[in-house]
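Read the structure below first, then the notes.
The values are calculated or read from the model by the stated rules, or taken from the named source; none is laboratory data. What you see is a predicted model; the values in this text were computed from it and never measured. Counting neighbours? That spans all protein chains shown, and the Cβs are built from the backbone with ideal geometry, glycine included.
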C-alpha cells in the first residue's frame, strides 16, 4: 500500500518545484529589475507567480502522462511507472494547472494571456510531437520557453514588451546549451525511448560542440541588458563572474567532448546559474 509520504513525494516530483525559479522566479525578477522595486498593484506578483508556476508544472505533469511508457523503461522512479500515481491523475493535474495558469494570466492582461496560451500550446506540442522527432529544435524550444519568462514579467508590469525584456531573454542561450548537454548525458536512455535528440541524430561529440557554442552565445549577449539601460551597473558583477565560468566551459567542451568532462561542465554551469537571479536583483538598483 502506498503511504501518504510516498504519494506526497510523487506529487512533488510530478510538479517539479525547483523549476519554478526558472519560470515565475525570472518573471518576478524581471519586474523587480525594470521597476527598481515592487509594482504598485499588489496583485501583480501573486498572479504572475501563480500563472507561471501553474503552467510550468502543468507542462511537467502532461509530459509524464505522455511519457509513461518510455519512463517505464528508462525512468522507473517517476510517479506513473512507479505505480504511486495513476496516468489519469497526472492528466487531470495537468488540465487543472493549465486552467489555473491561463485564468490567472487573463486577469493580468491580454498580452500575458497570449504568452501563457502560447507557452501552454508549445508545452503540449513538445510532449506529444516535438520531443520525439525534432532533434535540436526540442532543446531550442525549452530555452525559448524560459526566455518568455522575461517577456512575461514586463508584460505583466506594463502591458507590453520592449527591448528591455527581450535583451534579458537572450540569457536563455545558456539554458539551451545546458539542455543539449543533458541530452548527451541521457543518450542511452533517449535511444531506448525513441527520442530523436540532437545527440541521437548527429552523435554526442557534435551535440556537445553545439551546446558549447550556445554557452559562448550567452556570454556575448549577457552585457546587452546593461547596454540598453535595463539594469544598473551592479548587474555586471555576478554576470561577469558567470560569463567567465560559462566561457571557460564552452571553450573546454569545444576542445574535448569526453563524456565525464561533459558531465562536469554541465553540472558546473547549472549550479552557477544562481548568479543570474542575483544579477537581476543587484541590477534593479540603478
>> Return the residues of segment 125-168 that are without any contact (Cβ under 8 Å) to a residue 12 or more places away in the chain, under 18 Å from residue 58 (Cα atoms) and in contact with a helix residue (DSSP H, G or I) (Cβ under 8 Å, 6 or more places away or on another chain); say none if nothing qualifies.
In response: 130
> With respect to residue 207, is the statement that it is under 23 Å from residue 264 (Cα atoms) and either assigned by TED's automatic domain parsing to the domain that holds residue 259 or at pLDDT 90 or above (or both) true?
Replying inline: yes
> Among (1) under 20 Å from residue 166 (Cα atoms); (2) out of contact with any helix residue (DSSP H, G or I) (no Cβ under 7 Å at 6 or more places or on another chain); (3) in contact (Cβ under 8 Å) with a residue 60 or more places away in the chain, where does residue 285 come up short?
Replying inline: (2)
> Could we say that residue 251 is crowded, with 18+ Cβ neighbours inside 10 Å, in contact (Cβ under 8 Å) with a residue 12 or more places away in the chain and either in contact with a strand residue (DSSP E or B) (Cβ under 8 Å, 6 or more places away or on another chain) or not assigned by TED's automatic domain parsing to the domain that holds residue 22 (or both) here?
Replying inline: no
> Can you name the helices (runs of 4 or more DSSP H) wholly within segment 1-107 that have at least 2 residues being under 16 Å from the mean Cα position of the chain (by Cα) and not assigned by TED's automatic domain parsing to the domain that holds residue 274?
Replying inline: 4-15, 24-35, 44-66
>> So, in segment 171-198, exactly how many residues are farther than 20 Å from residue 48 by Cβ and either buried (at least 22 other Cβ atoms within 10 Å of the Cβ) or at pLDDT 85 or above (or both)?
In response: 15
>> Considering only segment 109-124, I want to know if a residue exists there that is surrounded by fewer than 23 Cβ atoms within 10 Å (Cβ to Cβ) and not in a helix (DSSP H, G or I).
In response: yes
> Does residue 85 satisfy the condition of being farther than 30 Å from residue 165 by Cα and either surrounded by 19 or more Cβ atoms within 10 Å (Cβ to Cβ) or at pLDDT 95 or above (or both)?
Replying inline: yes
